[in-house]
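Below is one structure; the comments refer to it alone.
Since every read-out is calculated from the coordinates, none of them should be taken as a lab result. Since we're looking at a predicted model, the values are computed, not measured. So basically every Cβ, Gly included, is an ideal-geometry build from the backbone, and we count neighbours across all protein chains shown.
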Ligand code: HEC
């Protein structure tokens with residue numbers, strides 16, 4: 001091979017390289033994908049206690065205020081949903097749940113002859129109106145491990161009505177806390 005021929009080969013190789021680079025460059029101009037940016041929507045951070053009851057709870061009046069306008073008759077009607085499991089008469093039988101006559105200020109988990117969950121027996125203290133309000137709002141949150149299979153009463157006004165009804169079920173009704 002003389003140098004002229006070598007030059008031709010070199011030229012051909014260079015040409016091929018240039019062509020390859022050129023097409024690559026043009027192809028990139030045409031096809032280079034633009035960055036897609038963030039996908040989807042930014043979700044708001046999960047709120048604590050997210051759930052159906054949370055927004056209502058946020059603007060709920062404090063219990064003493066709710067109790068001041070509570071209605072025992074409405075509470076008795078609302079307590080129909082408890083009657084599948086509870087009796088409300090003095091000396092009434094334990095059913096799926098314990099009899100609830102005189103439950104206000106009764107020590108938690110103390111009704112004779114009823115087999116409470118370990119969680120309820122361990123809770124401690126008496127059933128104040130405040131505690132009953134929390135328990136009825138979300139039984140499984142207030143007493144983790146309770147065997148009361150009841151979702152709770154989301155409405156604060158309705159819970160106050162039920163507490164007003166429970167207040168009447170006593171030989172010595174306990175006064176409501178003052179607003
Ligand atoms: C599906 C059955 C069921 C329903 C419905 C139900 N309960 Fe209960 N309840 C129970 C059981 C079971 C217990 C015992 C819980 C435990 O030992 O953990 C209980 C416990 C209680 C206690 C604690 C009593 C104590 O002696 O410590 C209260 C107060 C109470 N229920 C109120 C209510 C009210 C008010 C309603 C209606 C709004 C209601 N429950 C609806 C089954 C039920």
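A few notes on this one:
- Only helices enter this figure: runs of n ≥ 4 DSSP H residues, each worth -39500 (n - 2.57), summed and divided by the residues of the chain, yield -13000 deg cm²/dmol at 222 nm to the nearest 500.
- Annotation: the residues 96, 153, sorted from fewest to most other C-beta atoms within 10 Å of their own C-beta, follow the order 96, 153.
- In terms of other Cβ atoms within 10 Å, 147, 30, 162 run from fewest to most in the order 30, 147, 162.
- When each of 106, 66, 159, 39 is scored by the number of other beta-carbon atoms lying within 10 Å, the sequence from fewest to most is 39, 106, 66, 159.
- Measuring nothing but alpha carbons in the range 60-168 and taking Rh as the Kirkwood radius, the Rg to Rh ratio lands at 0.93.
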